[in-house]
Amino acid sequence: MHNPIADLVRISLLIIGALFPIVNPIDNIPIFLSLTAGLSSGSRTIMSRKIAIYGFMLLIGSVLIGTHILAFFGISLPVVQVGGGMVVMAAGWMLLNKKDDEVPAREAAKKEAEACLSKKAFYPLTLPLTVGPGSISVAIAVGANRPPGSEARWYLPVAAVIGCATLAVIIYLTYRFAEPIGRIVGETSMSIIVRLSSFILLCIGVQITWNGVSALLHTVLVNSR
């Protein structure tokens, strides 16, 4: 006999445990500060809130209806990994090759950054840097991993909302206080961390792409036998 409350807690913790190591906004603090250079503290707070909201929408959508969307368009998870991995690689390469002296006048940078606040909040800060193809793939897999006949149970969507909302709150708080963390670390150290993070991001993109390519090649080899 199922205990709905126990299942609710278990599934919520499963979603958080599976997605937090991949989303992990703490690792993205240097990149967040680099891409929001020139923004005021208030604008960064707004940006953090938008990223959290967009992140929640992507995660909850992937968990609840991700498999149905992929099936509707005839897209497999490996294809999502290949395409998303390339986007991550492009973002990492761009940040890795960004010159430190490529900074316009402070007022001009501030006006330009605040003008495209919503645009930057979704791409690239939410997708692919915070909720990337890895997070989406895992979220879809978690949503697809349901016991037979459990689709109608109320605690499944509620647990998904609780788990994804918890991750969204963590994302918001991490980015909200990224600026004081950056001040504590220091500008020189942060510049070094940005370069290292960009290289790691590039490697993550390569790994995600390779995982998708490997799965596709495995499918071709199996079908050719």
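Values quoted throughout were computed directly from the atomic coordinates according to the rules given, and no laboratory measurement underlies them. Please read these numbers as outputs of a predicted model, since none were measured by experiment. All Cβ positions, even for glycine, are placed from backbone atoms using ideal geometry, and neighbour counts span all protein chains on display.
Yes/no per residue for (1) more than 29 Å from Leu14 (Cβ to Cβ); (2) surrounded by fewer than 16 Cβ atoms within 10 Å (Cβ to Cβ); (3) among the small types (Gly, Ala, Ser):
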| residue | (1), (2), (3) |
| --- | --- |
| Gly134 | no, no, yes |
| Ser137 | no, no, yes |
| Arg153 | no, no, no |
| Gly163 | no, no, yes |
| Ile171 | no, no, no |
| Ser189 | yes, yes, yes |
| Ile192 | yes, yes, no |
| Trp210 | no, yes, no |
| Val220 | yes, yes, no |
**Q.** Ile208 being assigned to a helix (DSSP H, G or I) and under 30 Å from Ile5 (Cβ atoms)
**A.** no
Inset, instruction - Answer yes or no as to whether Met47 is among the hydrophobic types (A, V, I, L, M, F, W, C) and free of Cβ contacts under 8 Å to residues at least 60 places away in the same chain. - result: no
(Q) Take the conditions under 23 Å from Arg49 (Cβ atoms) and under 17 Å from the mean Cα position of the chain (by Cα) and apply them to Cys203. Does it pass? (A) no
Restricted to region 1-44 and to residues being crowded, with 16+ Cβ neighbours inside 10 Å and polar (S, T, N, Q), the residue farthest from Thr126 (Cα to Cα) is Ser12
